[in-house]
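Student: Would you mind keeping the following structure in view while I ask a few things?
Coordinate-derived values only; no laboratory data. If you're wondering where the values come from, they're calculated on a predicted model, not measured in any experiment. Neighbour counts are summed over all protein chains in view; Cβ atoms, including those assigned to glycine, are modelled from backbone coordinates with ideal geometry.
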């Protein structure tokens, strides 16, 4: 059984914890305030979910999800994530994160910043361009007409393969954007961002993206 560590217990982190637990995964979830603040959440989510520190989640997860404000990514521990697939759900909200020149000047991507911070990890973009409320409600069986599609991007093919399989478990088709350098196509304010779309529509929206 795959154990997933989750760094961040906000809307996306807690929703993914619920969905993963329902699918039989063991989950260690964490936040910046300490595991004692997550007692009510883990009690609600059941025996497959436990609370830990950020380091606990990073170290114990076979795969780890980072779902925190972008301004906090420098606090993500590096060594415990070495060699692991790390799912990045982050988006850049300058109103919350403060101005980041490399992003404002289009010299970097949000996922690229996390990959730079975690040079020995396999960072892959996932679950960033839909509302958290849709993660557990919009999924449909493979082959369903009009099935919603989600994008992913990574410099590591095995990370893309992992996210593709996970998306399918949650009921979504996948479009591979390509490298982390191309992941801006599914960032905030692009045509593919928080829009319900089929695989063909997502591919079209990614192609329409401008930088």
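Student: Pick from 153, 82, 102 the residue whose mean-square fluctuation is largest in a GNM of the chain, springs joining Cα atoms under 10 Å.
Tutor: Taking springs between Cα atoms under 10 Å, the residue moving most is 102.
Student: Now a separate question. To two decimal places, what compactness ratio does region 84-135 give when its Cα radius of gyration is scaled by 2.2 N^0.38 Å?
Tutor: Values: Rg = 12.1 Å, N = 52, 2.2 N^0.38 = 9.9 Å.
Against the empirical 2.2 N^0.38 Å value, I get 1.22 for region 84-135.
Student: What are the equivalent ellipsoid semi-axes of region 2-133, built from the alpha-carbon gyration tensor (square roots of five times its eigenvalues), in whole angstrom, biggest first?
Tutor: In descending order, the three semi-axes are 24, 16, 13 Å.
Student: Further, regarding this structure: Based on the Cβ-Cβ distance of residue 120 and residue 95, what FRET efficiency does E = 1/(1 + (r/R0)^6) give at R0 = 35 Å, to the nearest 0.05?
Tutor: With R0 = 35 Å, the Cβ-Cβ based efficiency is 0.65.
Student: Can you classify region 60-114 as rounded, prolate or oblate using the Cα gyration tensor, where a ≥ b ≥ c are the square roots of its eigenvalues, rounded means a/c under 1.5, and otherwise it's prolate if a/b beats b/c and oblate if not?
Tutor: It is prolate, given that a/c is not under 1.5 and a/b is the larger ratio.
Student: Helix-derived [θ] at 222 nm for the chain: sum -39500 (n - 2.57) over DSSP H runs of at least 4, divide by residue count, nearest 500?
Tutor: Helix contribution divided over all residues of the chain: -9000 deg cm²/dmol.
Student: Next question, about the same structure. Normalise the Cα radius of gyration of region 98-207 by 2.2 N^0.38 Å (N = residues in it) and let me know the number.
Tutor: After normalising by residue count via 2.2 N^0.38 Å, the value is 1.06.
Student: For residue 198 and residue 106, compute 0.36 nm times the residue count separating them, minus their Cα-Cα distance, and round to one decimal in nm.
Tutor: Result for the pair: 30.4 nm of gain on full extension.
Student: What is the Cα centroid distance between region 103-153 and region 158-211, reported in whole angstrom?
Tutor: After rounding, the separation between the Cα centres reads 7 Å.
Student: Another question about this same structure. Using just the C-alpha positions of region 61-160 as equal point scatterers, what log10 of I(q)/I(0) does the Debye formula give at each q in 0.14, 0.16, 0.18 1/Å?
Tutor: Those come out to -0.59, -0.75, -0.91, one per q.
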